[in-house]
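Quick notes on the structure that follows.
The values are calculated or read from the model by the stated rules, or taken from the named source; none is laboratory data. All figures in this text were calculated on a predicted structure; none of them were measured in a lab. Note that each Cβ is placed from the backbone with ideal geometry, even for glycine, and that neighbours are counted across all protein chains shown. Accessible surface areas use protein heavy atoms only, side chains included; no ligands, DNA or RNA. Shrake-Rupley method; radii C 1.70, N 1.55, O 1.52, S 1.80 Å.
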Amino acid sequence: MAITLTEAAARRVQQYLDNRGKGIGLRLGVRSSGCSGMAYVIEFADDIEESDQVFESHGVKIIVDPKSMVYLDGTEVDFAREGLNEGFKFNNPNVRDECGCGESFTV
Amino acid sequence: MALLQISEPGQSTAPHQHRLAAGIDLGTTNSLVASVRSGEAATLPDEQGRHLLPSVVRYLEDGNVVVGHEARAAEAEDPLNTISSVKRLMGRGIADVVHTGARLPYEFIDVDSAVPKIHTVAGDVSAIEVSAEILKALRQRAERTLGGELEGVVITVPAYFDDAQRQATRDAARLAGLKVLRLLNEPTAAAVAYGLDRSDGGVIAVYDLGGGTFDVSILRLNRGVFEVLATGGDTALGGDDMDRAIAEWIMRQAGIADDSGHHQMRRLMRDARAAKETLTSQDSASLDIELEDGSHWQGELTREQFDELIEPLIRKTVSTTRRTLRDAGVDVDEVNEVVMVGGSTRVPRVREAIGDFFGRVPHTEIDPDKVVAIGAALQADVLVGNKPEDEMLLLDVIPLSLGIETMGGLVEKIIPRNTTIPVARAQDFTTYKDGQTAMSIHVLQGEREMVDDCRSLGRFTLRGIPPMVAGAARIRVTFQVDADGLLSVTAEEQTSGVQASIEIKPSYGLTDTEIESMLRDSMEHAREDMEARRLAEQRVEADRVLEALTAALAEDGDRFLSVDERDDIESEMDRLADLRANGTVEQIKEGIRSLEKVCAGYVERRMNTSIRDAMSGRNVEEFE
């Protein structure tokens with residue numbers, strides 16, 4: 001399996017990276033916190049660790065640590081606009097339950 | 001699910017702990033709000049995709065408030081209740097307002113708190129309250145866009161704003177429910193947007209030509225601190241003047257009379273503006289003007305012709321820039337960077353002229369309308385803690401020197417302008433006369449030498465100085481400015497240890513109580529007002545009764561009243577006078593009633609007598 005970006009998400013990430021002037025890709029991960037178990041981490045990546053898995057989707061590198069990989073496998077990250085707000089959305093097949101606001105989830 | 005933003009490595013926040021921050025450019029004509037998302041600072045549009053919010057507030061009869069485009073559209077039809085350019089009134093007393101804005105079409109009401117109010121159908125409002133409405137609109141936009149409550153904001157102010165104007169801006173933010181992380185000078189914000197704060201330092205010129213105002217600021221960056229070396233400008237020069245120059249040219253070409261109707265003039269200005277905007281990217285603009293008689297005049301305005309028309313305006317800004325450089329004590333070739341701000345700097349000839357003057361290409365990459373808000377957003381992002389601390393942290397500086405009055409009406413500066421805060425400075429003073437036991441400390445702000453030319457911030461008196469010969473006492477005056485810009489001044493006589501101090505909040509800023517009372521529920525407020533009014537009315541009524549009775553008693557009290565009767569009336573009058581001073585509305589009412597009861601016999605006797613007097617010796621017929 002793999003982790004992918006939609007084309008819209010990839011375009012946005014690339015744009016943000018260009019703007020930032022540095023960074024090799026996008027680091028995705030999870031950590032245990034939040035009101036419903038796990039929370040997503042989405043950060044600019046400046047380094048790749050040896051144990052990281054690296055995917056490439058629409059020309060953007062996605063970097064995931066092995067611990068997070070278990071929770072994220074098969075995820076597609078989309079860029080969405082809802083009203084005035086816009087941002088990234090995780091379509092994660094492993095999720096069984098989310099907290100009300102969707103910022104954290106359980107598997 | 002929630003929409004997520006990309007964080008800097010290691011800076012991911014826990015869910016529900018997003019620290020949202022925004023930068024606000026609170027402008028004279030237009031305002032903007034910007035925020036950093038996924039590492040990118042950008043201004044936030046409204047639902048219609050418009051980034052600029054006109055700084056216009058309209059008050060409606062039903063108490064509702066309209067802000068922005070809709071309010072601006074109503075300006076012509078409802079000028080008294082539609083308030084624009086309120087920034088010019090911020091932190092200004094009534095005298096300043098009359099002095100600077102004699103042509104503002106509003107009804108001012110002088111109130112004791114030294115904050116002039118504007119009368120509208122929805123009640124009287126101060127400049128601070130009007131600004132708060134603009135800030136509220138921007139806050140709503142930001143919170144809806146970012147999907148949460150704002151943790152804090154950075155608001156930009158002109159570099160020349162004094163303490164009172166800055167305090168007024170903070171007050172407005174507080175009224176709008178915003179936490180001000182910092183006020184940032186507009187030119188500094190523009191420099192931050194271009195990342196110049198991370199450069200090695202040097203002198204930066206910021207040329208800001210907006211719709212109606214022109215400002216030029218000379219900054220020096222020194223170890224992460226921007227000092228304002230000098231500012232200059234013209235509060236009535238900008239893009240509107242370019243439009244007018246084009247409109248006048250069209251009038252000459254098309255033979256339109258000077259005294260043409262209002263409608264025609266307004267349309268002309270609109271066409272002129274469109275032509276100006278076309279000429280930003282094209283070499284010529286074709287014009288099609290509908291004349292009053294319905295016919296059309298067609299013509300063409302070339303870039304060269306336009307440049308020629310606006311040349312006097314540009315020359316004016318260049319000479320102001322030259323003067324400001326001289327004030328700053330900086331040569332043109334010492335300027336390392338030039339930053340362009342304001343929509344009018346899109347005009348190619350402006351860029352060219354300023355580039356020629358400084359001998360370098362000015363920064364124009366960021367939209368000149370948005371650059372200030374973007375710089376503020378970047379700074380807000382750091383201050384709210386979304387970036388590693390060492391990234392950048394601009395320090396605030398004191399915009400104007402602080403000092404005290406000395407003999408002869410002179411100002412002794414204790415903290416010079418551009419000192420970074422927090423700061424504490426002390427200076428020793430002595431007595432002027434033999435045996436002097438008190439000293440009055442008058443705290444002033446400003447760059448001028450004479451007290452009259454500076455702004456008075458407050459006074460206090462140090463008493464209990466032991467009598468000594470003149471010049472023997474040692475009085476140490478300490479000025480302290482905390483990180484929020486609040487000034488406290490302490491004076492201490494060193495040999496005896498007596499001291500006195502004052503905390504300065506500029507007298508023209510609102511007091512905390514005033515702000516609180518404004519924040520209170522409006523219904524509650526209305527009831528209070530009504531109660532106060534009823535009480536005042538009842539007191540007037542009591543006064544009237546007492547006065548009339550006193551006069552009557554003096555006139556004929558002895559004639560109609562026994563000693564006992566008179567005593568009764570007088571004790572009842574005393575009771576009413578007491579109730580009038582301390583009683584409630586109902587108690588005063590009751591006092592008036594019971595006084596009237598006691599007097600009933602007296603009043604009747606007087607009445608009868610006066611009628612008898614009037615009628616004596618006349619026939620009944622004469623009265624019909």
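A few points about this structure:
- Computed over the stretch A:38-84, Kirkwood Rh from alpha-carbon pairs, angstrom: 12.4 Å
- Number of partner chain Cβ atoms within 10 Å, mean per residue of A:81-89: 6
- HN-Hα J in Hz across the stretch B:173-185 - Karplus 6.51, -1.76, 1.60, θ = phi - 60°, x for Gly and Pro: 5, 5, 4, 7, x, 10, 9, 8, 6, 5, 8, 10, 5
- Size of electric dipole in chain B: Cβ of Lys, Arg +1 and of Asp, Glu -1, about Cα centre, debye, nearest 20: 1640 debye
- Note on B:Lys87: aspartates and glutamates with a C-alpha under 12 Å away, same-chain residues under 8 apart excluded, are B:Asp25, B:Glu129.
- Under a 5 Å amide H cut-off, with hydrogens placed 1.01 Å from N, A:Val41 pairs with A:Gly29, A:Val30, A:Arg31 among residues at least 5 apart or on other chains.
- Scoring B:185-191, A:85-91 by mean Cβ neighbours within 10 Å over their residues and listing the highest first yields B:185-191, A:85-91.
- Per-residue mean of C-beta atoms belonging to partner chains within 10 Å, peptide B:36-43: 4
- For the protein assembly as shown, the average shadow cast by the Cα convex hull is 53.6 nm², which is a quarter of the hull's surface.
- Remark: the stretch B:250-378 is approximated by an ellipsoid whose semi-axes, taken from the C-alpha gyration tensor as √(5λ), come to 35, 17, 14 Å, largest first.
- Label positions at B:Glu300 and B:Glu503, each projected 7 Å from the Cα along the C-beta direction, are separated by 6.9 nm.
- Less than 5 angstrom separates the built amide H of A:Leu84 from none of the residues sequence-distant by 5 or more or on a different chain.
- Close amide H pairs (under 5 Å, H built 1.01 Å from N) link B:Asn185 with B:Val157, residues at least 5 positions away or on another chain.
- Whole-percent carbon and sulfur share, accessible surface of the protein assembly as shown, 1.4 Å: 46 percent
- Length gained when the stretch B:Arg244-B:Glu143 is fully extended (0.36 nm per residue, less Cα-Cα span): 32.5 nm
- Taking label positions 7 Å along the Cα-Cβ direction at both B:Ala551 and A:Asn19, the computed distance is 7.7 nm, reported to one decimal.
- Approximating the spin labels as points 7 Å out from Cα along Cα→Cβ, the B:Arg50-to-B:Val540 distance works out to 4.5 nm.
- Rg/Rh (Cα only; Kirkwood hydrodynamic radius) as it applies to the stretch B:264-324: 1.11
- Mean residue ellipticity (222 nm) of chain B, computed from DSSP H runs ≥ 4 via -39,500 (n - 2.57), nearest 500: -12500 deg cm²/dmol
- Calculated from backbone phi, Karplus (6.51, -1.76, 1.60) coupling profile of the stretch B:146-159 in Hz, x at Gly/Pro: 8, x, x, 7, 6, 6, x, 9, 10, 10, 8, 9, x, 4
- Segment B:Ala254-B:Asn222, length gained on full extension (0.36 nm per residue, minus Cα span): 6.0 nm
- In the frame of its principal axes, chain B has Cα extents of 102, 84, 61 Å, reported largest first.
- Ordering B:Leu135, B:Leu268, B:Leu309 by Cα displacement along the dipole of the protein assembly as shown toward the positive end leaves B:Leu309 in first place; charges were set at the Cβ atoms of Lys, Arg (+1) and Asp, Glu (-1).
- Most positive-pole-ward Cα, B:Ile592, B:Ser571, B:Gln167, against dipole of chain B from beta carbon charges: B:Gln167
- Computed packing ranks the peptides B:201-213, B:312-324, B:344-356 as B:201-213, B:344-356, B:312-324, most packed first, by mean other Cβ atoms within 10 Å.
- In plain terms, if you count all Cα to Cα distances in the stretch A:1-77 and split them into 10 Å steps from zero, the share in each step is 19, 53, 26, 2 percent.
- Peptide A:13-23 shows a mean partner chain C-beta count of 3 within 10 Å per residue C-beta.
- Residues B:Thr495 and B:Arg323, FRET efficiency given R0 of 30 Å [Cβ-Cβ distance, rounded to 0.05]: 0.05
- For the Cα trace of the stretch B:199-253, dividing Rg by the Kirkwood Rh returns an Rg/Rh value of 1.26.
- Converting phi to 3J(HN,Hα) with the Karplus coefficients 6.51, -1.76 and 1.60 and the offset θ = phi - 60°, the stretch B:36-49 yields 9, 10, 6, x, 10, 8, 8, 6, 9, x, 8, 4, 8, x Hz in sequence order, with x at every glycine or proline.
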